[in-house]
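Reading through the structure tokens given below for one structure.
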Amino acid sequence: MIDFVNSAHSVKSINPNIKAGFALSVITACVIFKEPLGCVFAMFVMWLIIIKNVVKNDGLSNHLIRHFMLFPILFIALSSFMVSFDITDCGEGIFSVKILDGYFLTVNSEGVKKAVRLFFTSAASLSSMCFLSLTTPVNDIVYVLKTIKCPKEITELFILIYRFIFIVLNMAQSIITAQNCRMAQRTFKTRINSMALMLSSVFVLSYNKSVFIYNAMLSRCYSGDISFLNVKYDSSKKYVLFAVLIVFIIVLISVLERVY
Amino acid sequence: MDYIIKTQGLNYSYHSGQTALFDVNISIKQGEKTAVIGSNGSGKSTLFLCLNGINKPQKGSVFFKDKKIDYSSKGLLNLRRFVGIVFQNPDDMIFSSSVRQDIAFGLLNMGFSNSQAEEKIKRISDFLNLGSLLDKPVHALSGGEKKRVSLAGVMVMEPEVIILDEPGAYLDTVNTKTVYKIIDDLSLKGKTVIISSHNMDFVLNWAESVIVLKYGKVVFNGKTEDLFLNNELLDFAGLYEPQIIKTYKMLINKGVIAANSTAPKNITELEMLIK
Ligand SMILES: Nc1ncnc2c1ncn2[C@@H]1O[C@H](COP(=O)(O)OP(=O)(O)O)[C@@H](O)[C@H]1O
Ligand SMILES: [Mg+2]
């Protein structure tokens, strides 16, 4: 199987519908069974593909991936940790603290189990989404939207928003830099003030920007319908087979885990 | 058909009430290298948007090949096939997710099929040396690359008239040279190229005719040499004298070259005069 992952030298060229279907069915399988082992397996496969392809082929640095993943993982870990706590009126369990008269903050095995399941399920789902977003350029996501007959307006909005995110972020970044050069962070009050100024000018600037972009579209014969080059995708059966196999293994592991 | 683009009594005001163009009468000859110059805010960009039918003048009219611009949506689409415009800031022009998709945008709007578009993209990317960038996301491009991509997006549509708004803006020396080289190639191919620029030495060397704007009014429309030898006019329009012309005048004063020699356009021509 590792051979297979290696041989699929560019996951990017695989038909995005297969990839989206694969990611979604893995997520579904993980969420339905919520069995840690199944989820671990799903995560293992996803990260194997990501590392073997995205990191190696596209030169995406490990550093970036770590940043990309650190916050969500921390967030999931923290919220799962919170779930393991329970407030009871009897101080039993693995660990308990008395908080009020007759009430205890406890961690019992039930809660820990719940937390572990939640953690692995979310981590596996997150890994699947990472797989999808790291191997699928936005055009291909648009292709998926078009195949599932998503309304044209939404598809076009999606593209423009995607492009706009970068422009607005750049704008905000340069305004913040310019403000910092002029002591915007001196006190809490100046900080709040410059934040408000930044937000309002980003708003005005992005309006102006949208006028420019619209003009540029018009000047290139835009008449109300964005069309795309269709890229040829690799839709060979082996990828579908691979996807089905992986989902099957996840289901199998989960069922076995549940039985034993 | 002498003139490819002509305007008559053009007036344009923005919604804010700012009058940006005032009674503009210009004519641009087919195939002639034309520069539009003037200080910031003099109305160059506004004029360009009028020539492409994006700004609809409140008064006066624009002619393309002796035909008045038809502002119906069909008429405008037809005009924009022939008159392309490259904006000053490439970030305003590039909005697709990948370079390939962005270059394809105009072509697909013009009704070319996928394979025809691919073919044309291949050709333009060879010409502009964009081959390695085609599948990059646009936000990962450098300034010079963005400029070339925005040029490609317009050039690939093969318009007869190409308008470039301050093509040297945001670029370093090497990239500016590349872009100027592309502009020269366009003229050689017989396209009518119209650019705005603040680089007077470039304008002197490149342009055959010049249009000077001041506060939205045309103060000069004629041959390049006539403008740059006219100090009064240059001062009036807030423009500076090109270095070459300065040197040329100085050399006449010192008696190094003859007073009746023709004004040089570039270093090479100046050198010839000294010899
Ligand atoms: N979108 C706009 N809304 C209102 N006023 C504008 C707009 N764009 C330009 N102007 C005004 O029109 C005048 C001409 O601007 P412009 O054509 O951009 O000049 P140039 O390109 O020569 O620097 C300026 O006074 C400018 O403030
Ligand atoms: Mg301008």
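What the table shows:
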item: Residue that is farther than 27 Å from A:Ile141 by Cβ and surrounded by 13 or more Cβ atoms within 10 Å (Cβ to Cβ), where the choices are A:Ile176, A:Ile250; result: A:Ile176
item: Search result, residues across the range A:218-234 that are surrounded by 13 or more Cβ atoms within 10 Å (Cβ to Cβ) and more than 7 Å from chain B (Cβ to nearest Cβ); result: A:Ile226, A:Val231, A:Tyr233, A:Asp234
item: Filtered residue count, the range B:92-134, keeping only those that are among the acidic types (Asp, Glu) and either within 7 Å of chain A (Cβ to nearest Cβ) or surrounded by 14 or more Cβ atoms within 10 Å (Cβ to Cβ) (or both); result: 3
item: Subset of the range A:118-144 (residues that are over 16 Å from A:Thr28 (Cβ atoms) and away from chain B (no Cβ under 14 Å)); result: A:Leu118, A:Phe119, A:Cys130
item: Check on A:Lys238, more than 16 Å from ligand 2 (Cβ to nearest atom) and assigned by TED's automatic domain parsing to the domain that holds A:Pro16; result: yes
item: Top-ranked residue in the range B:1-23 [being closer than 22 Å to B:Gln88 by Cα and part of a strand (DSSP E or B); ranked as nearest to ligand 2 (Cβ to nearest atom)]; result: B:Ala20
item: Residues satisfying the stated conditions in the range B:185-225, i.e. farther than 24 Å from B:Phe127 by Cβ, in contact with a helix residue (DSSP H, G or I) (Cβ under 9 Å, 6 or more places away or on another chain) and more than 16 Å from ligand 1 (Cβ to nearest atom); result: B:Asp201, B:Leu204, B:Ser209, B:Thr224, B:Glu225
item: Residues (more than 16 Å from ligand 2 (Cβ to nearest atom), among the aliphatic types (A, V, I, L, M) and out of contact with any helix residue (DSSP H, G or I) (no Cβ under 9 Å at 6 or more places or on another chain)) located in the range B:47-63; result: none
item: Qualifying residue in the range B:38-54 (condition: away from ligand 1 (no atom under 16 Å from the Cβ), closer than 18 Å to B:Leu213 by Cβ and either not hydroxyl-bearing (Ser, Thr, Tyr) or not in a strand (DSSP E or B) (or both)); result: no
item: Helices (runs of 4 or more DSSP H) lying entirely in the range B:168-256 (those with 1 or more residues that are acidic (Asp, Glu)); result: B:173-188, B:200-206, B:224-228, B:231-237
item: Selected residue [crowded, with 19+ Cβ neighbours inside 10 Å, under 30 Å from B:Asn11 (Cβ atoms) and touching a Lys or Arg at 6+ places or on another chain (Cβ under 7 Å)] from B:Leu234, B:Leu213, B:Leu204, B:Leu227; result: B:Leu213
item: Selection within the range B:27-45 - within 11 Å of ligand 2 (Cβ to nearest atom), surrounded by fewer than 23 Cβ atoms within 10 Å (Cβ to Cβ) and among the polar types (S, T, N, Q); result: B:Ser39, B:Asn40, B:Ser45
item: Cβ pairs under 6 Å, 6+ apart, first in the range B:74-88 and surrounded by 18 or more Cβ atoms within 10 Å (Cβ to Cβ), second aliphatic (A, V, I, L, M) and part of a strand (DSSP E or B); result: B:Val83/B:Val161; B:Gly84/B:Ile162; B:Ile85/B:Ile163; B:Val86/B:Leu164
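Quick grid of which residues meet (1) modelled with pLDDT of 75 or more; (2) touching a Cys at 6+ places or on another chain (Cβ under 9 Å); (3) not charged (D, E, K, R):
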{"site": "A:Glu110", "(1), (2), (3)": "yes, no, no"}
{"site": "A:Asp140", "(1), (2), (3)": "yes, no, no"}
{"site": "A:Leu160", "(1), (2), (3)": "no, no, yes"}
{"site": "A:Arg163", "(1), (2), (3)": "no, no, no"}
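The values are calculated or read from the model by the stated rules, or taken from the named source; none is laboratory data. Quick caveat, the model's predicted, so the values are computed rather than measured. Quick reminder, even Gly has a Cβ in these numbers, built from the backbone with ideal geometry, and neighbours come from all protein chains shown.
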